[in-house]
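Structure record follows, encoded as structure tokens.
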């Protein structure tokens, strides 16, 4: 069983790894004893912008006594949910599938929708897994053997070139139902 940390809108390579674990029958689970580490993908992701990769960072307060990621609370200050959602809208509204998926992501960016980082990340992970078609993946499905990240259409590629391994939302918003083919 693949044991992994739970990331905020993880990169495409993370979901490629999950896909391979599911397709091989290995499966995966989230590390319940995951120790909190600052400046990691547990609370940040990278999306495309006209200027290149842009980082979105979730402000948290953590329980220093336990040190566990599961005990990190989402900050109620700074209106970060609004800023993150606006960043997704402004950078992906021109992508082919943003409108198709936006209604599933938007509720999670409302202030108070989630109290903990784990709850927030898990909810977004569930949305991503559903749209990648990885929930209930039949054991007969086998991914391509390639471990390389195949380039796909990106909104700002004419300005920035292809930006590899951004958040999985970049793949979803740009390729839609074909996203799993790139994993």
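Considering region 158-179, and only residues there that are in contact with a helix residue (DSSP H, G or I) (Cβ under 9 Å, 6 or more places away or on another chain) and surrounded by fewer than 19 Cβ atoms within 10 Å (Cβ to Cβ), the residue that is farthest from residue 41 (Cα to Cα) turns out to be 177. Applying the condition of being under 23 Å from residue 159 (Cα atoms) and in contact with a helix residue (DSSP H, G or I) (Cβ under 8 Å, 6 or more places away or on another chain) to region 76-92 and asking which residue is surrounded by the fewest Cβ atoms within 10 Å (Cβ to Cβ) yields 89. Residues in region 21-43 that are in a helix (DSSP H, G or I) and either in contact with a strand residue (DSSP E or B) (Cβ under 8 Å, 6 or more places away or on another chain) or at pLDDT 90 or above (or both): 21, 22. Within region 102-118, the set of residues being surrounded by fewer than 19 Cβ atoms within 10 Å (Cβ to Cβ) and in contact (Cβ under 8 Å) with a residue 40 or more places away in the chain comprises 115, 116.
Note on region 20-49: among residues that are touching a residue at least 60 places away in the same chain (Cβ under 8 Å) and within 14 Å of the chain's Cα centre (by Cα), the one that is nearest to residue 155 (Cα to Cα) is 48.
Here residue 99 clears all of (1) assigned to a loop (DSSP other than H, G, I, E, B); (2) surrounded by fewer than 15 Cβ atoms within 10 Å (Cβ to Cβ); (3) at pLDDT 95 or above except the condition numbered (1). Determine if region 75-96 includes at least one residue that is touching a strand residue (DSSP E or B) at 6+ places or on another chain (Cβ under 8 Å) and at pLDDT below 95. Yes - at least one qualifying residue is present in region 75-96.
The values are calculated or read from the model by the stated rules, or taken from the named source; none is laboratory data. This one's a predicted model, so the numbers in the text were calculated from it and none came from an experiment. Quick reminder, even Gly has a Cβ in these numbers, built from the backbone with ideal geometry, and neighbours come from all protein chains shown.
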